[in-house]
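Have a look at the structure below, then the notes.
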Amino acid sequence: MQPITVAIADEDAGRRARFEHSLQSEQDIKVLTNVSTSELGVTRNRRRKPRTNITAIEDVVARTRRLNPRILLASLKQCTEENGAMLVSLRHECPETLVVLLADESAKQEEQIMQALARGARGYLNLEADQILISKAVQVIDRGEAWVPRKMLGKIMDEVLHWRH
């Protein structure tokens with residue numbers, strides 16, 4: 001059985017490292033953001049150096065296209081900037097990659113989460129999610145299901161019903 005490949009796009013290095021660490025201990029999940037530099041053929045410093053000729057969104061999309069993960073964990077902030085341009089670009093440039101948002105539970109973010117789900121995100125994880133939930137979410141998304149808390153299902157259904165009228 002092939003492992004589920006996961007990449008993480010989050011501007012918070014500490015949070016990104018925590019998610020990477022949580023997933024690395026899972027046998028059926030392979031974290032692509034820690035591909036060794038020898039496999040990439042570039043030095044770690046060069047790989048981490050930001051490209052000055054492209055936007056942050058273009059950089060995430062280019063790296064995602066290169067790594068080709070099955071699942072991309074991406075911060076809600078990145079996914080909702082510039083009217084969700086990153087989600088739209090990822091959907092067109094990397095259609096096989098499924099995006100899961102990393103968000104907190106604040107009410108002010110619910111509308112942003114709903115918009116991101118409408119633009120193609122497959123679900124979202126709380127930024128404080130524990131290792132078991134992160135792994136389970138990756139497995140569920142890989143099977144083609146969505147990962148949203150039950151409290152969001154009612155809002156999603158309201159949106160679907162409202163859209164049909």
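Taking region 1-29 as the search range and keeping residues that are assigned to a loop (DSSP other than H, G, I, E, B) and over 17 Å from R70 (Cβ atoms), which one is most open to solvent (accessible area, probe 1.4 Å)? Only one residue fits best here, namely E11. Within region 81-93, the set of residues being in contact with a strand residue (DSSP E or B) (Cβ under 9 Å, 6 or more places away or on another chain) and either of a type in the set (D, E) or crowded, with 21+ Cβ neighbours inside 10 Å (or both) comprises M86, L87, L90.
Sub-6 Å Cβ pairs linking a first residue in region 115-135 that is touching a residue at least 60 places away in the same chain (Cβ under 8 Å) and over 15 Å from D10 (Cα atoms) to a second residue that is open to solvent by 10 Å² or more (accessible area, probe 1.4 Å) and among the charged types (D, E, K, R), at least 6 apart or interchain, are S135/E26, ordered by first then second residue.
Of all residue pairs spaced 6 or more apart or on separate chains, those with beta-carbon atoms under 6 Å, a first member in region 52-69 that is in contact (Cβ under 8 Å) with a residue 12 or more places away in the chain and within 12 Å of A9 (Cα to Cα) and a second member that is of a type in the set (V, I, T) and open to solvent by 20 Å² or more (accessible area, probe 1.4 Å) are P69/T5.
Among the residues of this structure, L127 does not count as one that is in contact with a helix residue (DSSP H, G or I) (Cβ under 7 Å, 6 or more places away or on another chain) and either modelled with pLDDT of 90 or more or open to solvent by less than 20 Å² (accessible area, probe 1.4 Å) (or both).
Answer with yes or no whether L117 is loosely packed, with under 15 Cβ neighbours inside 10 Å, of a type in the set (A, V, I, L, M) and modelled with pLDDT under 95. Taking the combined requirement at face value, the residue does not satisfy it.
Among residues belonging to region 30-49 that are in a helix (DSSP H, G or I), of a type in the set (S, T, N, Q) and open to solvent by 50 Å² or more (accessible area, probe 1.4 Å), point out the one that is modelled with the highest pLDDT. Restricting to residues being in a helix (DSSP H, G or I), of a type in the set (S, T, N, Q) and open to solvent by 50 Å² or more (accessible area, probe 1.4 Å), the top hit is N45.
The values are calculated or read from the model by the stated rules, or taken from the named source; none is laboratory data. Fair warning: this is a prediction, and the values are worked out from it, not measured in the lab. All Cβ positions, even for glycine, are placed from backbone atoms using ideal geometry, and neighbour counts span all protein chains on display. Side chains included, ligands, DNA and RNA excluded: accessible areas come from the protein's heavy atoms. Shrake-Rupley method; radii C 1.70, N 1.55, O 1.52, S 1.80 Å.
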